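Below is one structure; the comments refer to it alone.
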Amino acid sequence: MLSPYELQVFLAAAEAENFSAAARKLHLTQPAVSQQIQALEKRLELELFHRDGKRITLTEDGQAFVPMARAGESFGAHRRDNGHAPWPGGGASHDWLHQHAGQIYIALAGRFIL
């Protein structure tokens with residue numbers, strides 16, 4: 001299942017184009033960020049970043065995932081701002097992105113269908 005934490009790490013890495021810079025922003029270690037991204041890629045069965053030494057860039061799948069990750073992050077923030085648990089059901093055991101995984105896959109797959 002995807003968590004708000006994974007979305008935050010993904011978006012920080014996407015913006016920084018560097019795992020070390022993302023780690024500094026999130027007050028994490030670089031290996032923690034790298035491991036989170038690798039776990040996310042494995043879970044989604046997608047390569048989200050091209051890696052070239054210390055520099056990273058988004059793949060087409062990664063670019064397609066950015067707006068979905070932002071939407072998921074906004075959803076959690078909206079619920080938190082309105083006095084609810086950030087995610088329906090209170091957290092990782094019942095998370096919004098897990099419920100909408102099919103829609104995410106369809107949106108990503110749609111980028112490759114002519």
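P(r) tail for segment 13-62: Cα pairs beyond 14 Å make up 47% of the total. Amide H contacts for L2 (H built 1.01 Å from N in the peptide plane; partners 5 or more residues away or on another chain; cut-off under 5 Å): H98. Amide H contacts under 5 Å for L58: H50, restricted to partners 5 or more places along the chain or on a different chain, H placed in the peptide plane at 1.01 Å from N.
Couplings for segment 20-32, taken from phi via the Karplus curve 6.51 cos²θ - 1.76 cosθ + 1.60 with θ = phi - 60°, read 5, 5, 5, 4, 4, 4, 8, 6, 10, 8, 4, x, 5 Hz in order; Gly and Pro are left as x. Test of the criteria: in segment 22-55, which GluC sites (Glu not before Pro) are in a DSSP loop and have at most 11 other Cβ atoms within 10 angstrom of their Cβ? Passing sites in segment 22-55 are E45. In whole percent, what relative contact order does segment 5-59 give with Cα contacts below 8 Å and a gap of six or more residues? Contact order relative to length: 32 percent.
Read-outs: derived from the displayed coordinates by stated rules, not from any lab. The structure displayed is predicted, hence computed values, not measured ones. Here Cβ is always computed from backbone atoms with ideal geometry, including for glycine, and neighbour counts include all displayed protein chains.
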